[in-house]
Amino acid sequence: MRQTDAIAQAIRDGLEKLGIKSLSKVARGDESGWVALDYVSVIAHVFYKPMREFYSLESLWSDAKKVRVVSAKRK
């Protein structure tokens, strides 16, 4: 699950540069195929493809109201 770990680490690194830290702690070498990064109002889920297909989170939220998020411009 190296790709899953690498993607999650890239998200953490990018947000830490902006001063935003995840509340979740992920063990290095986790082989679960699912990493959840908790940023209070946003939770990022990074899945290995078979895990994503199995849990199908998108179907759980298919009726949820969509909210447009405007990204902050970097200096």
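All of the numbers you see were taken from the coordinates with simple rules; none came from a lab. Since this is a predicted model, take the numbers as computed values, not measurements. A quick note on method: Cβ atoms are made from the backbone with ideal geometry, for glycine too, and the neighbour counts reach across all protein chains shown.
Look at the range 46-71: where a residue is at negative phi and a partner is part of a helix (DSSP H, G or I) and of a type in the set (Phe, Trp, Tyr), sitting 6+ places away or on another chain with Cβ atoms under 8 Å, you get Phe47/Tyr55. Output the number of residues of the range 4-45 satisfying the condition of being touching a strand residue (DSSP E or B) at 6+ places or on another chain (Cβ under 9 Å) and in contact (Cβ under 8 Å) with a residue 12 or more places away in the chain. Qualifying residue count for the region: 19. With respect to (1) of a type outside the set (A, V, I, L, M, F, W, C); (2) in contact with a Ser or Thr (Cβ under 9 Å, 6 or more places away or on another chain); (3) in a helix (DSSP H, G or I), the lone exception for Asp30 is condition (3). Among the residues of the range 1-27, those that are among the β-branched types (Val, Ile, Thr) and either assigned to a helix (DSSP H, G or I) or over 19 Å from Val69 (Cβ atoms) (or both) comprise Thr4, Ile7, Ile11, Val26.
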